Every structure is written in C-alpha cells, then in structure tokens.
C-alpha cells in the first residue's frame, strides 16, 4: 500500500496551521503505511531568526542514519570545526545543519568522512526532512509535527514491498536541492534505470525503487526540463504502478500511472491544495465541504504553484 | 429512525448494529468522513442512509442470492469498489464513485448519480449498474453477466475482454476495448434500458439512442484451429 500526502498552503494565514493539518492527514493514512514514514517541511526562516552567523539564506542539510548516532556529539564537533557559521538543531530523529551556501560541499564532505553511518537525507534552502521507522502516528506525536509552521509539506507512510524497512529506505527522496518525491506503488524496471543513471555518475543512498524515479527526475530537471516535462519523462521511462507527489520550493505536482493503479484524491480551495491517497486524509481539513475534490486522471500531470 | 454516528462508533460497531436490525427498519449513518467498509455484509431488507462521503467497499457483500437485500443510499461520494460483490438489494450513490464501482456484483442494482471512475463494473457477474454521468477507462472489463448503463460518456477501452454482460452508453465512447463490439439495439434492449432508466431515475437518457456494446466472443472461446495444440 503506502500513503502519499502533499499540502500546499496558498493563504499565508494558514501557514501556522500547516503542522496540525498535516498531522491529521498522516494519521488518517497511518494504516496504509505502518512500517515507517518520512515528512518534508518547507518553511521560510522564522522571523527574527537570522540563521547561523554571517549566513544570508543558509542551506539546510537534513541528516539521518539507520544506526544509533550521538547527535549531540556530531553537533558539537561541527561547531568546533566550523564555528558559529554552522548552526544545527534536532529535527525528528536526526539533525539539521544550517550553513552558508559556500560551505555546503565542505560540511557534507566532513560529515560523511567523520561519520560514515550518517547520510544526507535532504538539502534545501527551505526544506527539512525527517524519516523514522514505526507507526507514522507515533512519529508525528514524538516530534511534535502538529506545531510545525510552513507553506508546503510532503509526507509518506510506508508499507514496504521492494526493499527493507529502515530510516534510509523511507521516503521522501530528495535528489537535488528542495526537490522532494514520495511514491505509492512499485516500479518494475528500476534496476535497469538505476544502472544507466549510475553509469552517468549518479549516486544512490538506498536500493529503493522509488529513489530511482526521484534521481531520474532530478537528472531530467538538471538537463533543463521544467517540472512538468521531467515528470512526463518519468512516466515514459519508468514501468510500474505509481502515484507520485513531487514538490519543489514553490510548487507541487501529482501524477498517476496509465492504469491509475494507486489511489489519489485532491482537495483544492483558495487557501490550500491537498493531495492524499484517500479522502479520509482530507475529510478534516478546513473548508473541505466547499473544496473542489477530484481524482487526478491517469497520465495527467497536475501542478500547483504557491 | 435510528442514527449511528461514526464519531462515536468504530466500523465494526456500526456494522454490528446494522446487522442487528430486522426487515423494514430504517437507519441513518452519520459523519462517515470517508470511512471504509461501512454497511457491508447486510442481508436483511433494511434501509440505510449514509449521510456524507464514504470510503472503500461501501455496501459490499450485501444481499442474498434471491436478489433481496438492503437499500443503501450514500449522500455523498464514495471510494473504490462501492457495492463490490453485491448479491441483492440496492446501493445508490448521490455523488460520484471512485474506481471499480460494482466490481464482481452478482445481483441487485447499483446507481451512481455522478461519474464513476476507472474500471466501473469490472468483472460484473449479474448485477445492474447505472451511472448517470461518465464512466472512466476500462469500464466493464471482463464483465461476465449483467447490465451496465452509462448516461454520459465512456472512457477508453470500454468492455475490454467482455464476456456476456451488456453495456449501454448514452454519450460517446472514447474507444472500445479488445473483443468489444457495437451491436444494433433491439426491442429487448429497449425494454432493459427503459427499465433501468426508470429504476435509476436517469431521465436524461433516451433509451432509443443508446449505443450497445457486447463481446465479439473471439477471445474466450476455444478455436477449432487450436485443437492440435492439446
């Protein structure tokens, strides 16, 4: 099964409620994906928070691991190494490090060299990602998702079929800055596509089939496609069943395979656009009674901007 | 009339309460909020109104092999496989239905007042399925027996691998599926369509102007030129 969720806020006055809306949606799809979950939050820097010293628009690097990590020690070591230009805070079971863009590559290099068990889950100007195993409902409660503020969120509740249940196998996959992909379904030709991407130098964090679609999408985008074109290429090249929810720093898309084997429902209002695997996840959203509710048609790419 | 609120009762509790009712009783199910498996497995002749949008399998497995069963009305839209495996009675959806409406239903009548999504009437085994609006792609897939009436337009691949079910379409057909063909309508068809129009209340359908789709019977019969293969 698996559950996919996307929530794009259009009315800024709703941004403080994003977490609450999101937690309700995830809880409704808990039983579609009780193995593990992952949540991506897009938010502007809180007012009054200038980020790490000297950094205008810092890059956020979300870190996670399949094994136990002493994150306090990691944070202290980063502070010691980079000083006040790299700050950090706990996010879910992992850590988010904020650094000036000029330091992104160096910081990632240091992290992976010093702690080989740690992986970069996401990089973004606006995006932070957490992933954890266990019931999504518990994950939401544990990390206070209901209190989050932001303008866009994507989430996934996972019932694994193609690969193991671990933090690093959980969605969303973030193959490039602020680009996020969650997937309900299964791909059949992913090993072939992965081989061809690897031959072009693309690196993978897991053997998850969905990660292949995410990295293929990123490859098309970096080749110059816009989000809609790139998504069409995913439909063309990847065989299998899918509802994909894709997000960038200012837009969200949804696409389903030709047979619409995996469910999706959209609720659109002037104030927000919400996508979920099932209507149950939309039923408690504000103004749902007057929202335009529809199922995305197979092989149609739907895109909404802020 | 008794009211059961989904805010107070779990799905099993709602269904147990429905199963406990006797012929002729009426009941309202409130605040469904897209919940799955509501009003399933009811064999008695009760009237159930679900007041709101419901989830998957609403009204599934209801009715008896003699064609009797509950009359279920949903005042909203429904998820996948509404009235799947229906044996008797009726299920009416005031809104639209998601995929696989009436899948494998053997008896009774299913009425979707709005649109039905992909694969409506898949593997239909004898029930009547009336859709007021459009039907999605691959509707009537491998339908074995029964009638499907589509008041609007039909999507691609209509009646693919059809057996002996008959499909009537008032609007356009995007494309026919493999082994589906259009046949002239006769008096018996006219009677069948008029009856279903009356039952569903779909006055916008002109029974004399529907397109009839049946199986060409080329896929599922053994062909004598294959006898050497056995």
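The values are calculated or read from the model by the stated rules, or taken from the named source; none is laboratory data. These numbers were taken from a predicted model, which means no experiment stands behind them. Don't worry about glycine lacking a Cβ; one is built from the backbone with ideal geometry, like all the others, and counts go over all protein chains shown.
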- Task: Just give me the residues in the range A:266-277 being buried (at least 23 other Cβ atoms within 10 Å of the Cβ) and within 14 Å of chain B (Cβ to nearest Cβ), in sequence order.
- Result: A:274, A:276, A:277
- Evaluate the range A:114-137: report whether one residue or more is outside the structural domain of residue A:211 (by TED's automatic domain parsing), in a helix (DSSP H, G or I) and surrounded by fewer than 19 Cβ atoms within 10 Å (Cβ to Cβ). yes
- Query: Could you say whether any residue in the range B:145-155 is crowded, with 22+ Cβ neighbours inside 10 Å, without any contact (Cβ under 8 Å) to a residue 24 or more places away in the chain and farther than 25 Å from residue A:294 by Cα?
  - Reply: no
- Query: For the range B:70-87, which residues satisfy the criterion of being more than 13 Å from every other protein chain (Cβ to nearest Cβ) and either on the phi > 0 side of the Ramachandran plot or not in a loop (DSSP other than H, G, I, E, B) (or both)?
  - Reply: B:71, B:72, B:73, B:83, B:85
- Message: What are the pairs with Cβ atoms under 9 angstrom where one residue, in the range A:287-301, is within 9 Å of chain B (Cβ to nearest Cβ) and the other, located anywhere, is assigned to a helix (DSSP H, G or I)? Sequence gap at least six, or different chains.
- Response: A:293/A:279
- Message: So for the range A:225-247 (the condition being in a loop (DSSP other than H, G, I, E, B), buried (at least 17 other Cβ atoms within 10 Å of the Cβ) and within 14 Å of chain B (Cβ to nearest Cβ)), does at least one residue qualify?
- Response: no
- Query: Considering only the range B:56-69, how many residues are away from chain A (no Cβ under 13 Å) and touching a strand residue (DSSP E or B) at 6+ places or on another chain (Cβ under 8 Å)?
  - Reply: 3
- Could you pull out the residue among B:106, B:94 that is more than 13 Å from chain A (Cβ to nearest Cβ) and either in contact with a helix residue (DSSP H, G or I) (Cβ under 8 Å, 6 or more places away or on another chain) or under 25 Å from residue A:267 (Cβ atoms) (or both)? B:94
- Message: For the range B:20-35: of the residues being out of contact with any strand residue (DSSP E or B) (no Cβ under 7 Å at 6 or more places or on another chain) and crowded, with 20+ Cβ neighbours inside 10 Å, which is farthest from the other protein chains (Cβ to nearest Cβ)?
- Response: B:35
- Query: Would you call residue A:193 more than 13 Å from residue A:41 (Cα to Cα) and outside any loop (DSSP other than H, G, I, E, B)?
  - Reply: yes
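Can you tell me which of A:12, A:32 is modelled with pLDDT of 95 or more, farther than 21 Å from residue A:122 by Cβ and surrounded by fewer than 22 Cβ atoms within 10 Å (Cβ to Cβ)? Please lay out each step first, then the result.
Details: A:32 fails: surrounded by fewer than 22 Cβ atoms within 10 Å (Cβ to Cβ).
After applying the criteria, what remains is A:12.
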- Residue that is surrounded by the most Cβ atoms within 10 Å (Cβ to Cβ) [pool: residues in the range B:110-136 that are in contact with a strand residue (DSSP E or B) (Cβ under 8 Å, 6 or more places away or on another chain), in a loop (DSSP other than H, G, I, E, B) and within 14 Å of chain A (Cβ to nearest Cβ)]: B:120
- Exactly one condition in (1) in contact (Cβ under 8 Å) with a residue 40 or more places away in the chain; (2) more than 23 Å from residue A:222 (Cα to Cα) is not met by residue A:171; state its number. (2)
- Message: Checking the condition over 26 Å from residue B:41 (Cβ atoms) and within 14 Å of chain A (Cβ to nearest Cβ), which residue from B:198, B:155, B:151, B:186 passes?
- Response: B:155
